[in-house]
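*Asks:* Structure provided below as structure tokens; questions to follow.
The values are calculated or read from the model by the stated rules, or taken from the named source; none is laboratory data. What you see is a predicted model, and the numbers here were worked out from it, not measured in a lab. Cβ placement follows ideal geometry from the backbone for every residue including glycine, while neighbour counts extend to all protein chains displayed. Protein only, heavy atoms only, side chains kept; ligands, DNA and RNA dropped before computing areas. Shrake-Rupley method; radii C 1.70, N 1.55, O 1.52, S 1.80 Å.
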Amino acid sequence: MGGVEDDEPASKRMKLSSEELRRLSNGSTIKEPVAGSSRDLMARPLQSEGGEEVVGSKGVIKKVEFVRIIAKALYSLGYIKSGAHLEEESGIPLHSSVVNVFMRQILEGNWDESVVTLRNIGLTDERTVKSASFLILEQKFFELLDEEKAMDALNTLRTEIAPLSVNDSRVRELSSYIVSPSYCSPTRSPKQDTVRARSRSKLLEELQKLLPATVMVPEGRLEHLVEQALVLQRDACMFHNSLDKEMSLYSDHQCGRDQIPSQALQILQAHTDEVWFLQFSHNGKYLASSSNDQSAIIWEVYETGVSLKHKLSGHQKPLSSVSWSPDDRQLLTCGAEEVVRRWDVSSGECLHVYEKTGLGMVSCGWSPDGKWIFSGLNDKSICMWELDGKELECWKGQRTLKISDLEITGDGKQIISICRETAILLLDREAKVERFIEEDQTITSFSLSRDSRFLLINLLNQEIHLWNIEGDPKLVSKYRGHKRTRFIIRSCFGGLEQAFIASGSEDSLVYIWHRGTGELIETLPGHSGAVNCVSWNPANPHMLASASDDRTIRIWGLNNLSTKRKEPCSNGIHYCNGVY
């Protein structure tokens, strides 16, 4: 069997000039004419194999590889002449002569010759040779079908493709194309290749991915190396916290401390007692706070500052926590062992009160679709409710503590709560499987990362532990330095890509660590009482809020930001009378 026979019409032959071959193959230059059979060609080593010449101050960059990658990049960018000049002047070819012949044969459709040449490239892995041969012969098969040479295609399938024993299911699929005029299988997925004959240049790209990089330099290799270097520099930058921080190839990347919110831009004083909890909305446009004064406040966030929008009153006990609905249009507030209330953010109206006779609520949270709410109760159970107050399910037993956080993962499957003093429960409510995170110290609070993959746990011994909760929970990192002896202190993820950890502290400071390294990078003074809770704006990595026993909330930003703020658009106090 051969490629396209010599007696075929010229219109069915693919004739390529050296210039066209360079463009289609993204840069291979043919320095030697193709003469005789490819069986006579043997792969010759590229220059400098053996005594490797290196460039760069570290002595780790091989000159041959460096030049080849640059040449590949030049061709990929369309600088054909420059790439050819580099090869000529350096004496280092992008590809060996046998590889150039192989690529020419592929682009011209000389399938049988290309399969023979493939074996002369010098590949040591027989599986790679067979897989590459399979791709080539598959292309031959499709082109024979396109030329309505069904018997030749069948012969190629039986005598050339099948004996490779590479992909039996694909061989069966190919055989079905012979009897099907449309060459389409109804069981194929949209992601599979349904085109009868892929372009030859596309085949060359697939072969390039399959063959070793030393044989054919991968497409975009230089770009990949440069991007990798930039990403590593960014990840190693202790203070990287801005999308606007441009990265340049001209110098190493380094951010300063000015990227961390460390200046108090505003002090909010609307609460009349200790502020225990606060949380930014998902879109970063609002901030909700709850207090020992039995009220919650919805604050509106502007570019120039934060303004009071609604003060929510109606609870008969201090408020332990708040929780934003997924669309940020509603807010849950939880009284300490009292009730959970649902509020309309726009109007400040109380929409519903959730309660259970003889029991008090200790925590609250939303399902990711906003259709249900969850609450922990002081009998250590967790309940799920419809928005209208109908109880859907209740998980009894030691599921939560009287003072507890509650989180639901982004897929809605797992409920997370503190079930014992030293253990956190990860309850898969669909599979009804329980997993546990066991700590040696008493757990006081926890926070779930935005991607639901990590849990931040505050402990009695003044440590914060970061756990990966995918699969079997694994302790990833520890953060130390803050003070906690008597009160519940809360921490949070924050900053660009949640690259930082922030925490309150009983010494009136806000602490900020680099999440990856665990290094303490900033302490923020200003409060005059214990800092109970912190929240980092998810939409603005330069905005952080802290709540304190000194009855204030501090809004932290960058040192160079203006402290001007708009007047509040609403300063109303809304009361809920419990009618629903």
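*Asks:* Given region 354-428, what strands (runs of 3 or more DSSP E) lie entirely inside it while holding 1 or more residues that are within 32 Å of the chain's Cα centre (by Cα) and at negative phi? Give the derivation first.
*Replies:* Details: elements: 361-366, 372-377, 382-386, 391-395, 406-408, 414-420, 423-428.
It comes to 361-366, 372-377, 382-386, 406-408, 414-420, 423-428.
*Asks:* Scan region 524-536 and report the pairs whose first residue is at positive phi and whose second residue is outside any loop (DSSP other than H, G, I, E, B), with Cβ atoms within less than 7 Å and a gap of 6+ or a chain change.
*Replies:* Within 7 Å, the pairs are Gly526/Ala264; Gly526/Arg554.
*Asks:* Another question about this same structure. Among (1) out of contact with any Asp or Glu (no Cβ under 7 Å at 6 or more places or on another chain); (2) open to solvent by less than 40 Å² (accessible area, probe 1.4 Å), there is one condition Glu147 misses while meeting the rest; what is its number?
*Replies:* Only one criterion in (1) out of contact with any Asp or Glu (no Cβ under 7 Å at 6 or more places or on another chain); (2) open to solvent by less than 40 Å² (accessible area, probe 1.4 Å) is unmet by Glu147, namely (2).
*Asks:* Only one residue in Leu312, Leu268, Leu278 is among the aliphatic types (A, V, I, L, M), in the same structural domain as Ile521 (by the TED database) and under 28 Å from the mean Cα position of the chain (by Cα), so which one is that?
*Replies:* On the way: Leu312 fails: under 28 Å from the mean Cα position of the chain (by Cα); Leu268 fails: under 28 Å from the mean Cα position of the chain (by Cα).
Being among the aliphatic types (A, V, I, L, M), in the same structural domain as Ile521 (by the TED database) and under 28 Å from the mean Cα position of the chain (by Cα) holds for just one of Leu312, Leu268, Leu278, which is Leu278.
*Asks:* Still on this structure, I have one more. For region 244-286, what are the residues that are open to solvent by 40 Å² or more (accessible area, probe 1.4 Å) and of a type in the set (A, V, I, L, M)?
*Replies:* The answer is Met247, Leu249, Ile267.
*Asks:* Just one of (1) surrounded by 17 or more Cβ atoms within 10 Å (Cβ to Cβ); (2) modelled with pLDDT of 95 or more trips up Glu386, so point out which.
*Replies:* The failed condition is (1).
*Asks:* Determine whether region 390-410 contains at least one residue that is surrounded by 18 or more Cβ atoms within 10 Å (Cβ to Cβ) and among the basic types (Lys, Arg).
*Replies:* yes
*Asks:* Answer yes if at least one residue in region 292-305 is within 24 Å of Asp550 (Cα to Cα), modelled with pLDDT under 95 and part of a strand (DSSP E or B), and no otherwise.
*Replies:* yes
*Asks:* If you don't mind, there's one more thing I want to ask. When you look at Leu308, is it in contact with a Pro (Cβ under 6 Å, 6 or more places away or on another chain), touching a residue at least 40 places away in the same chain (Cβ under 8 Å), of a type outside the set (S, T, N, Q) and part of a strand (DSSP E or B), yes or no? Even if it seems obvious, please write down each step before you answer.
*Replies:* Numbers: in contact with a Pro (Cβ under 6 Å, 6 or more places away or on another chain): yes; touching a residue at least 40 places away in the same chain (Cβ under 8 Å): yes; of a type outside the set (S, T, N, Q): yes; part of a strand (DSSP E or B): yes.
When the stated conditions are applied, Leu308 passes them.
*Asks:* Being open to solvent by 20 Å² or more (accessible area, probe 1.4 Å), at negative phi and in contact (Cβ under 8 Å) with a residue 60 or more places away in the chain is true for just one of Ala545, Ala539. Which residue is that?
*Replies:* Details: Ala545 fails: open to solvent by 20 Å² or more (accessible area, probe 1.4 Å).
Among Ala545, Ala539, only Ala539 is open to solvent by 20 Å² or more (accessible area, probe 1.4 Å), at negative phi and in contact (Cβ under 8 Å) with a residue 60 or more places away in the chain.
*Asks:* Give the residue that is nearest to Ile382 (Cα to Cα), with candidates limited to residues of region 337-346 that are open to solvent by 10 Å² or more (accessible area, probe 1.4 Å) and in contact (Cβ under 8 Å) with a residue 40 or more places away in the chain.
*Replies:* From region 337-346, those open to solvent by 10 Å² or more (accessible area, probe 1.4 Å) are 337-339, 341-342, 344, 346; that's our starting set.
Subsequent filtering for residues that are in contact (Cβ under 8 Å) with a residue 40 or more places away in the chain retains 337, 341-342.
Working: Glu337: 13, Arg341: 16, Arg342: 18 Å.
Here the residue is Glu337.
*Asks:* Can you pull out the residues in region 482-508 that are β-branched (Val, Ile, Thr) and buried (at least 24 other Cβ atoms within 10 Å of the Cβ)? I'd like the intermediate steps shown before the answer.
*Replies:* In the first step, residues of region 482-508 are kept if they are β-branched (Val, Ile, Thr); the result is 485, 488-489, 501.
Ile489, Ile501 - these are the residues of region 482-508 that are β-branched (Val, Ile, Thr) and buried (at least 24 other Cβ atoms within 10 Å of the Cβ).
*Asks:* Just a yes or no: is a residue in region 429-442 touching a residue at least 40 places away in the same chain (Cβ under 8 Å), within 31 Å of the chain's Cα centre (by Cα) and buried (at least 21 other Cβ atoms within 10 Å of the Cβ)?
*Replies:* Within region 429-442 (the criterion being touching a residue at least 40 places away in the same chain (Cβ under 8 Å), within 31 Å of the chain's Cα centre (by Cα) and buried (at least 21 other Cβ atoms within 10 Å of the Cβ)), the answer is no, since none of the residues qualifies.
*Asks:* Do we find that Ser90 is among the hydroxyl-bearing types (Ser, Thr, Tyr), farther than 17 Å from Met216 by Cα and buried (at least 16 other Cβ atoms within 10 Å of the Cβ) in this structure? Break it down into steps so the answer makes sense when it comes.
*Replies:* Details: among the hydroxyl-bearing types (Ser, Thr, Tyr): yes; farther than 17 Å from Met216 by Cα: yes; buried (at least 16 other Cβ atoms within 10 Å of the Cβ): yes.
Here the answer is yes, as Ser90 does meet what is asked.
*Asks:* Continuing with this model, one more query. Which of the residues that make up region 205-232 are within 19 Å of Leu135 (Cβ to Cβ), open to solvent by less than 60 Å² (accessible area, probe 1.4 Å) and under 27 Å from the mean Cα position of the chain (by Cα)?
*Replies:* Scanning region 205-232 gives Glu206, Pro218.
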